[in-house]
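Comments concern the structure below.
The numbers here are math on the coordinates, done by the rules we state, and not lab data. In this text the structure is predicted, and so the values were computed from the model without any measurement. Cβ sites come from the backbone with ideal geometry, for glycine too, and all protein chains shown count toward neighbours.
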């Protein structure tokens, strides 16, 4: 198995002016990391970080694989109903390992596997349009909610359940659903128990944004033929690499430590995740949730007004060189860019030798491949940012395969819990979003007004 690599020279001075010094990296940062890893290991041993256990859980992979094989040939479409990590995991794995055009391919080109749709936002236009194109007799819904009471997911489930029942009959409708939810509690668990809906367990000690290697992320893509064992093997390899407390040998530790150093010491609080591959664009959104919801919190200990919460930003190379790069180059020096570069693309598209009469304006492209152009774009952008004083780092993938994606996802999850320890926050839970959830519930129940809690009228500020 080819390991992925982290190139972090552009985070170290003097190569980058606002970087960690080599002396600090090899000295105080490395020493601090030993204490950080001891704290992370203690929480891991206590069972707090259940995502570490997923790669080695045979029940996790076997249960998912067995159930997926029993459903594959029955359905033309699979629809994931979930929000946040419960939807982003499936979308990320689908786009990376099946391709963003998966649903546009013919059934033969898909190897007779089903199309895979992810409805992770309760937009009536999107939901209505999708249902109008599908056949309820040939559609399976995977409803994903750890708590079993997520408002957006439950609303979509109720619509889907009614739609299926209208097509196959109420008595058969339960067979067109699989719930991925808490094994013991919640509304979905109650419905499954009383009506006989098949379920997959959402591990109790795994939060949604860390669930991509659980049934929540694996089952939808297993239905479409993805080798989930390869994903888990890759994740296990990265876990092994990140067990050491020797900082220079721990890729997750290096990334977390240097991003934290850039933020706290140099004010570089915006962390841009920018892969150079369309198939990894959803991975940027997955990282954005992982980083923001895990780290954007108050300190566990009172540290006054010290700022926490680095801001993640999803981007895509080379597309966003024509928009965001201007800001990165000449805007505030408050950003670090995390590139992801793919060594070997699946398709080798050669640029033709045409319009020879136009000379050098086209000749520099002829005979190269589109992949080579994309690599040159990454190389040039990383160097241009370095020269402009914008720190950056690159994660290099040999190719986009199950094993390399497993490594990448596990490394970013480990980076997150290490960074949380450095920031002094708890990466689990999301207390900052609970008020919005509660107000949504009250508004739907007509228990509160939609007006702001002030004496001013909304109409005063409307034009």
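Here are the numbers:
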item: Exposure proxy ranking, count of Cβ atoms within 10 Å, fewest first, for 25, 179; result: 25, 179
item: Volume in Å³ per residue [convex hull over Cα atoms, computed for region 1-55]; result: 119
item: Cα Rg, Dmax (largest Cα-Cα span) when computed across region 385-438, Å; result: 16.4, 48
item: Which of 437, 62, 269, 297 has the fewest Cβ neighbours within 10 Å, and the rest in rising order; result: 62, 437, 269, 297
item: Contour minus Cα-Cα distance for residue 265 and residue 62 (0.36 nm per residue); result: 68.5 nm
item: Burial ordering of 322, 355, 271, fewest other beta-carbon atoms within 10 Å first; result: 322, 355, 271
item: Rounded if a/c under 1.5, otherwise prolate or oblate - region 51-226, Cα gyration tensor axes; result: rounded
item: The chain, relative contact order in percent, only Cα pairs under 8 angstrom and at least six apart counted; result: 22
item: Label zone at residue 38 (point 7 Å along Cα-to-Cβ), backbone N below 16 Å, region 209-252; result: 244-247
item: Computed label-point distance, nm, for sites residue 376 and residue 24 using a 7 Å Cα→Cβ extension; result: 3.7
item: Mean ellipticity per residue at 222 nm, deg cm²/dmol - from DSSP H runs of n ≥ 4 across the chain, formula -39500 (n - 2.57); result: -13500 deg cm²/dmol
item: Relative contact order (percent, whole number), region 51-226, Cα cutoff 8 Å, 6+ residue spacing; result: 33
item: Cα pair distances in the chain, grouped into 20 Å bins until the bin that holds the longest one, percent each; result: 23, 52, 24, 1
item: Three-way shape call for region 83-168 based on the alpha-carbon gyration tensor, with the a/c threshold at 1.5; result: oblate
item: Relative contact order [Cα under 8 Å, 6+ residues apart], region 257-388, whole percent; result: 30
item: Separation of the residue 112 and residue 441 label points, Cα + 7 Å toward Cβ, nm; result: 4.7
item: Packing rank of 375-386, 358-369, where each peptide gets the mean count of other beta carbons within 10 Å, highest leading; result: 375-386, 358-369
